[in-house]
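This is the structure I have questions about; it appears just below.
The values are calculated or read from the model by the stated rules, or taken from the named source; none is laboratory data. For clarity, every value in this text was computed on a predicted model and none was experimentally measured. Glycine also receives a Cβ, built like all others from the backbone with ideal geometry; neighbour counts cover every protein chain displayed. Quick note on the areas: whole protein, heavy atoms, side chains included, nothing else; ligands and nucleic acids left out. Shrake-Rupley method; radii C 1.70, N 1.55, O 1.52, S 1.80 Å.
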Amino acid sequence: RDRAESIANTIPTDFETAADAVGAVNTRFGETGDQLEELSTAFVKFSRLNNTNVVDSVNDVQKAMKAFSVDTKDATKVLDAITAAGQKYGVSASMIQSSLTQNAATFQQMGMSIADATDFLGKCETSGIEVTEMMSGLQRAMKTAASDGKSVSEALAEVQNKMSGASDETEALNEAYDLFGRKGANVYQA
């Protein structure tokens with residue numbers, strides 16, 4: 001109660017929102033004392049800035065952090081990355097949070113950190129690329145690359161080189177089809 005009152009008196013928020021943040025942060029992150037108040041304050045600010053429910057934000061961000069094995073001490077960096085991507089690309093924080101959790105394994109196999117994946121998702125959404133189809137194409141590309149004994153980045157670079165060096169658009173698209181499959185290639189080409 002004291003922590004929630006302190007937050008409500010320090011930043012522009014109501015007591016109920018501050019109390020919700022304190023309860024959720026304590027439950028999801030196990031924080032107490034000053035760390036509890038600091039992280040709860042960060043989530044209240046994040047939720048206000050991104051127009052999200054504070055409890056949902058705590059839950060979704062914690063799930064994404066767990067999926068990427070990010071330590072609690074870096075939670076504010078994750079909040080900053082999500083907010084920055086949302087503002088830079090005009091996408092919702094909620095979409096980024098859920099996509100991070102759903103696709104964490106794929107992003108990690110590609111060598112992406114949570115910040116890299118956040119920015120990547122923002123770029124995809126702002127380009128009109130459907131994230132679910134794109135991730136399906138990337139997963140297929142990773143399987144194809146692995147079966148060929150290549151890393152995903154090597155396979156992507158190779159396809160990009162082949163596509164840019166193709167004699168016409170049809171040949172370029174066929175290169176993408178080989179790696180991503182038909183749906184994924186159309187997404188990659190976009």
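Given the criterion out of contact with any Gly (no Cβ under 9 Å at 6 or more places or on another chain), modelled with pLDDT of 95 or more and farther than 20 Å from Ala8 by Cα, identify the matching residue among Arg28, Arg48.
Residue meeting the stated conditions: Arg28.
Mind listing whichever residues of segment 120-140 are touching a residue at least 12 places away in the same chain (Cβ under 8 Å) and either under 11 Å from Leu100 (Cα atoms) or open to solvent by less than 20 Å² (accessible area, probe 1.4 Å) (or both)?
Across segment 120-140, the qualifying residues are Phe120, Leu121, Gly122, Val131, Met134, Met135, Gly137, Leu138.
I want to confirm something. Restricting to segment 23-56 and keeping residues that are β-branched (Val, Ile, Thr) and within 19 Å of Asp80 (Cα to Cα), which single residue is surrounded by the fewest Cβ atoms within 10 Å (Cβ to Cβ)?
In this case the residue turns out to be Val55.
Answer yes or no: is there a residue in segment 71-83 that is open to solvent by 30 Å² or more (accessible area, probe 1.4 Å) and outside any helix (DSSP H, G or I).
yes
Anything in segment 84-119 that is over 24 Å from Val44 (Cβ atoms), in a helix (DSSP H, G or I) and open to solvent by 50 Å² or more (accessible area, probe 1.4 Å)? List them, or say none.
Gln102, Ala105, Gln108, Gln109, Asp116, listed by residue number.
Kindly list, by first and then second residue, each pair from a residue in segment 3-21 that is within 15 Å of Glu31 (Cβ to Cβ) to a residue that is part of a helix (DSSP H, G or I) and open to solvent by 70 Å² or more (accessible area, probe 1.4 Å), limited to pairs with Cβ atoms under 7 Å and residues at least 6 apart or on different chains.
Ala4/Phe15
Oh, and also: Of the conditions (1) in a helix (DSSP H, G or I); (2) farther than 30 Å from Ser127 by Cα; (3) touching a residue at least 40 places away in the same chain (Cβ under 8 Å), Glu31 fails just one. Which one is it?
Glu31 satisfies every listed condition except (1).
For segment 66-119, which positions are free of Cβ contacts under 8 Å to residues at least 12 places away in the same chain and either of a type in the set (Asp, Glu) or in contact with a His (Cβ under 9 Å, 6 or more places away or on another chain) (or both)?
Selection gives Asp71, Asp74, Asp80, Asp116.
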